[in-house]
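Visitor: First the structure, which I've put down as structure tokens, then a few questions once you've had a look.
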Ligand code: BGC
């Protein structure tokens, strides 16, 4: 059973005495702190004692691989390390960390050789021989390694509502990343999807803080395991702390305005869950909140993170973000001022990809008395401790032992299974799907015979747009032709992502088919290159859809895309709608299995699919969004709501029972128990997600209409019924007040599961 699992013990103890509690002030053992032996602790302290200020500043510096490369890699040329440039960064500046690939994926063998050469320099040519820690974005598998397992992106993973799949993805990603000699993963994204147009929507686990937190925590547990020196695990990074995913303009790294209450209610929880899971580092949001760039905000990086959330892992900046304090945010006059602001705010390491000036600046700042050396010690201690925990002092040059672990059959199976369980069927008029053998299918649209939208960005290269890099991935057309037989499946492009193509050919082909499978989407893109000014599907694709629908043939839309593009101009006319997100290299196989009925789809949307470009409300909006109409939900008009999804069977939920322990929640810390019977009323095995929502009727800060507070996915045979039991802890009934404090206010609540509701009053 999935329920909220924050650190509530201290808050509840307090709740027994007083009514309002400050949940976040729950001091526990510091979270994110490496688990070191006493000998390792002593080693770290001895090193710190011996280090000069310059060496300490060096440990806080992270440089990108491109800077030390004489040739970056692509499909046609291999990467070449420039030893002299590397020596300057590692030996002269004493950089403690490096990151990134150099343009495209490298083989595991080359990764190990490369890391080995860099580590040899760090350990043999520097005074103290401190190994480097190398960071990489293995965000959906070891995606910068040739031949590695690639998983669906997080949004599709979120749609499974199965934390076990997130955990397995974490295990496999870690094994394959570590097999390359890489030990630090910049993943998972803990941002919640709050602006559907944002270019990184596909990297999130969706719009709900609880779902995102549960999936992120499971992923971290898988990735980090119990022992970070095991040779199979890597340190994770919860990113991007905090409030990155609600840029007002919808464009990446642009300002957010977020109230304290919303910050704590919506954005903090997934990080809190990640900290509970022991994530060893965080990466900072590149943007600004309420006028202060997060990299310069001690209220977020110190007071909230260190004091209130009790987090003691490594804090790394995002890409060149000290520099952005000058040129983007304009809160600093020069590098020195910016460096001072970021260190004062609380960063431990600067991802200053292109140069080592940071080191000289920090030395100057310490010499001028503007930064205390003890402040550097705090950061360097965390960095050294992480290196020690990862075993880097023992095995500096990665050995060959893990050669066989990259791109295994088990990995491919796990990726396929994730796609099968995450792809979400939203509409299926007259049970059109699954399609019978022998159905004549036209596969059309720009994502139909393309591999890049299946993978998405962060696949081999940053933007992931080079199809030549993964020639073996079957397209949707390939997979359908394979499943239904070549003679039954035809293909027409009909439209490119942003340009028209031969639409008439597609219309002609549709007339000769029984069904059209229309694959729309967008070119993979992330961060700034993924910014858009219009959430509506580009017009060439819209026209194609309209013309195909006008043929009168049933059209099943398959969206293979970064974010939910608006399709209101033709949604009504669709016979079927499948949302796939970026389902990964096995996504096309999973789609063909779903279309053929070999797999009964069980994904549930982890976000609200907008019906129109201005209909962007999340499901947990405020009640006043409905002003002007009678219904509480009137302001929420998505094309498909959060949590929706259908399959090829039907489910019935009944007999909702709620038992509230006496004195809950102020005098009892036992949870509220919610029970419901789920029955598979169709004739196929299938899975349903039981979603438990709580609505607070009245509170001192306007309540959200409802919040997801517990869920569980259950697999049922035809006719089978199961009583599903879930628990709601005290926090499920709390609000975050205007000062950002989580607290309990007595009153009336509604618990809802499916169509059933239970009203209750708590003292
Ligand atoms: C992204 C991060 C990523 C980092 C390193 C940044 O531009 O925002 O998510 O981890 O680059 O590649």
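Visitor: Using all C-alpha to C-alpha distances in region 386-504, build P(r) with 5 Å bins and read off the rounded percent in each one.
Guide: 2, 8, 10, 15, 19, 15, 10, 6, 4, 4, 4, 3, 0
Visitor: Kirkwood hydrodynamic radius for region 479-619: how many Å is it when counted over pairs of different Cα atoms?
Guide: 16.0 Å
Visitor: Hey, could you grab the Kirkwood Rh for region 34-93? Inverse mean 1/r over distinct alpha carbon pairs, Å, one decimal.
Guide: It works out to 14.1 Å.
Visitor: Follow-up question, since we're still on this one. Quick one: in region 277-421, what % of C-alpha pairs are over 24 Å apart?
Guide: 45 percent
Visitor: Can you give the direction-averaged projected area of the convex hull of the alpha-carbon atoms in region 398-468, in nm²?
Guide: For region 398-468, averaging the hull's shadow over all directions gives 8.2 nm².
Visitor: Something else now. Starting with the highest mean, order 52-59, 142-149 by the number of other Cβ atoms within 10 Å, averaged over the residues of each peptide.
Guide: 142-149, 52-59
Visitor: Another question about this same structure. At R0 = 22 Å, how high is the FRET efficiency between residue 667 and residue 750 if r is their beta carbon distance? Nearest 0.05 is fine.
Guide: 0.50
Visitor: Could I ask something else about it? In Å, what Kirkwood hydrodynamic radius results for region 58-149 from the alpha-carbon pair distances?
Guide: Computed over region 58-149, the radius equals 13.3 Å.
Visitor: How much length would be gained if the chain were fully extended between residue 622 and residue 684, taking 0.36 nm per residue of separation minus their Cα-Cα distance, in nm to one decimal?
Guide: 18.5 nm
Visitor: Something else now. Using 0.36 nm times the number of residues separating residue 49 and residue 536, minus their current alpha carbon distance, what extension gain do you get?
Guide: Contour length minus Cα-Cα distance gives 169.5 nm.
Visitor: Using the scaling law 2.2 N^0.38 Å as the reference, what is the normalised Cα Rg of region 70-120?
Guide: That works out to 1.15 for region 70-120.
Visitor: Going from the alpha-carbon gyration tensor of region 483-544, what semi-axes, largest first and in whole Å, does one get by taking the root of 5 times each eigenvalue?
Guide: After scaling each eigenvalue by five and taking roots: 27, 14, 9 Å.
Visitor: With every atom except the alpha carbons ignored, what do you get for Rg and Dmax of region 330-398, in angstroms?
Guide: Final numbers for Rg and Dmax: 14.1, 43 Å.
Visitor: Please list, in order, the residues from region 467-485 whose amide nitrogen is less than 15 Å from a point placed 7 Å along the Cα→Cβ vector of residue 437.
Guide: 482-485
Visitor: For region 585-730, take the convex hull of the Cα atoms, compute a quarter of its surface area, and give me that in nm², please.
Guide: For region 585-730, the mean projected area of the Cα convex hull comes to 12.0 nm².
Visitor: If you don't mind, another one. Relative to the compact-globule scaling 2.2 N^0.38 Å, provide the ratio for the alpha-carbon radius of gyration of region 637-718.
Guide: In units of the 2.2 N^0.38 Å rule of thumb, it is 1.37.
Visitor: For residue 254 and residue 717, what is the calculated FRET efficiency with R₀ set at 60 Å and r taken between the beta-carbons, to the nearest 0.05?
Guide: It comes out at approximately 0.75.
Visitor: Something else: In units of 2.2 N^0.38 Å, what is the alpha-carbon radius of gyration of region 153-217?
Guide: So the Cα radius of gyration is 1.15 times the expected 2.2 N^0.38 Å.
Visitor: By how many nm would the segment from residue 655 to residue 109 lengthen if fully extended, with 0.36 nm per residue of separation less the alpha-carbon distance?
Guide: 190.8 nm
Visitor: If we restrict to alpha carbons, what Rg and Dmax does region 190-292 come to, in Å?
Guide: Considering region 190-292 through its Cα atoms, Rg and Dmax are 13.9, 44 Å.
Visitor: For region 297-376, just the Cα atoms, rotate onto the principal axes and tell me the three extents in Å, largest first.
Guide: Cα spread of region 297-376 along its principal axes, largest to smallest: 31, 28, 21 Å.
Visitor: Ranked highest first by the average count of other Cβ atoms within 10 Å around their residues, in what order do 509-520, 205-216, 493-504, 606-617 fall?
Guide: Highest-to-lowest ranking by the protection proxy: 205-216, 509-520, 606-617, 493-504.
Visitor: Treating the Cα atoms of region 232-319 as identical point scatterers in vacuum, please give the log10 of the normalised Debye intensity I(q)/I(0) at q = 0.12, 0.14, 0.22 Å⁻¹, two decimals.
Guide: Summing over Cα pairs of region 232-319 leads to -0.33, -0.45, -1.09.
Visitor: Please compute, for the alpha-carbon atoms of the chain, the extent along each of the three principal axes and give them in descending order in Å.
Guide: Principal axes ranked by extent give 75, 68, 46 Å for the Cα atoms.
Visitor: Here is a follow-up. As a test of the formula, what do you get for the chain when each DSSP H run with n ≥ 4 contributes -39,500 (n - 2.57) and the sum is divided by the residue count, at 222 nm and rounded to the nearest 500 deg cm²/dmol?
Guide: -8000 deg cm²/dmol
Quick note: the coordinates plus some simple rules give every number you see, no bench work behind them. These numbers were taken from a predicted model, which means no experiment stands behind them. Quick reminder, even Gly has a Cβ in these numbers, built from the backbone with ideal geometry, and neighbours come from all protein chains shown.
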